[in-house]
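Values in this text are rule-based calculations from the coordinates and carry no lab data. Treat the numbers as computed from the prediction; the structure is a model and nothing was measured. Virtual Cβ from ideal backbone geometry, glycine too; neighbours counted across all protein chains shown.
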Amino acid sequence: MQNFKKFKRGKLKWYNIANSELLTNIYPLKDVQTTQNTITPLYITYNPTTRGAYNYNGRYDTIPDKSTTWNGVMKYLNTTSNDLVNENINFIEFSMRLTNLTLPDWKISN
């Protein structure tokens, strides 16, 4: 099963542009100090029709249903504790802007 998933990995690109966005543009009602008003967003582009990195499936183009392809991102939490509550980390926030998406094709799976 593990190898099967590896062969269905689509193309994922991610990058940062340092201090490229104002925090008040993302959260207009949030009060922030002017010296702390910039944020470095993480840009992610996923292309399910193109074979991804570490996918050595030479027959990727023969997958009939590209909506079954996948990819993922992991982020290291800079903490020495195994207990996020003791580190006073109450939540991890993700804000997403989805572009070029047709809602009937969007699926969320575990």
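Would you mind checking the pairs LYS8/LYS75; LYS8/LYS30; LYS30/LYS75 and listing those with alpha carbons more than 29 angstrom apart?
Correct reply: LYS8/LYS30.
What does the charge count near THR45 come to, summing +1 for each Lys or Arg and -1 for each Asp or Glu among other residues with Cβ under 11 Å from its Cβ?
Result for the neighbourhood of THR45: +2.
List the trypsin sites (Lys or Arg not before Pro) in the stretch 1-49 that DSSP assigns to loop (not H, G, I, E or B) and whose Cβ has at most 16 other Cβ atoms within 10 Å. Which are they?
Listed in order of number, the matching sites are LYS30.
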